[in-house]
Every structure is written in C-alpha cells, then in structure tokens.
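Student: The structure follows.
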Amino acid sequence: MNASPSLPKSLCPVLAALALSLVGHVALAQNYTVEVTPHLNGLDIKIEPVSNPAVLVVNLTNNTAQKVRCDLNFEADPQLPFQTFVFVEPGKTGSATLRATQQWFDVEVDVRCKADN
C-alpha cells in the first residue's frame, strides 16, 4: 500500500516555476537608481533611501529638538508622480513608501522639511 499522496508530486513543478518567476522579477525590479534632493531649512534630518524590489522606502531621522514635517515628491517615470508627507518627532525616524505600479529605472525624490509649529 502506497501511503504518500500524489498531490504534492503534482505541485512540485508548479511551485518550482513560481519560485523561478519570483527570482526573475526581483532581479529586474531592483535595477533602478535613487536621486534625493533635500531642502531641509537648516534642520538636522538624516535621509536614507532603501531600495527594495518594487518598493522604495525613504527613512527620515529627526536629529532636532522639535517635531518636523517633511513633504516628499516622488518622480519615477513612467509611473505617475506621487506626493506624501511625514511628521517626525524629535529623535525618531519616520518613513515614506513609494510602491511600484510599473518598472522604474530611476527615481527622483524631492524632500522638503520644516519645523512643525
């Protein structure tokens, strides 16, 4: 009597093809450059872009004694421009995320920070 089910054997080629397609997607999606243009108004803000497949995360660390607001404008042709903002408390790190809807080759990020009064 054979106790092993045939379902896992039939799924092996499908899972292998899926894994290979994901590896190929990751290799293509991470081929982009990031250019950051900061306008910090004299504030001590550390900007760190983190490139991931199909997502760009911009970490903003506030090294001042006051809360700040940072406006971010993303240009990632051929994707439509995207705007967002982040409030960052003193001594904390906030982040803004741009998700890909199309494949990018370069992303320009304009960061404008000011004290939040």
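The values are calculated or read from the model by the stated rules, or taken from the named source; none is laboratory data. Small disclaimer: the values here were computed from a predicted structure and weren't measured. When we count neighbours, we look across all protein chains shown, and the Cβ atoms used for this are built from the backbone with ideal geometry, even at glycine. Each accessible area value is taken on the protein alone, full model and side chains, heavy atoms only, with ligands, DNA and RNA left out. Shrake-Rupley method; radii C 1.70, N 1.55, O 1.52, S 1.80 Å.
Student: Write down the Kirkwood hydrodynamic radius of the stretch 34-117, to one decimal in angstroms, obtained as one divided by the mean of 1/r over all alpha carbon pairs.
Tutor: 12.9 Å
Student: Using the heavy atoms of the protein chains and a 1.4 angstrom probe, tell me the accessible area per residue for the stretch 54-110 in square angstrom.
Tutor: Ligands and nucleic acids excluded, the result is 53 Å² per residue.
Student: At 7 Å along Cα-to-Cβ for each site, give me the label-to-label distance between Asn73 and Ala54 in nm.
Tutor: Here the modelled spin labels are 2.9 nm apart.
Student: Arranged from highest to lowest average of other beta-carbon atoms within 10 Å per residue, in what order do the peptides 67-74, 82-89 appear?
Tutor: Top of the packing list down: 67-74, 82-89.
Student: Right, another one. Going Cα to Cα from Lys92, which aspartates and glutamates come in below 18 Å? Please leave out same-chain ones fewer than 8 positions away.
Tutor: Asp44, Glu48, Asp71, Asp116
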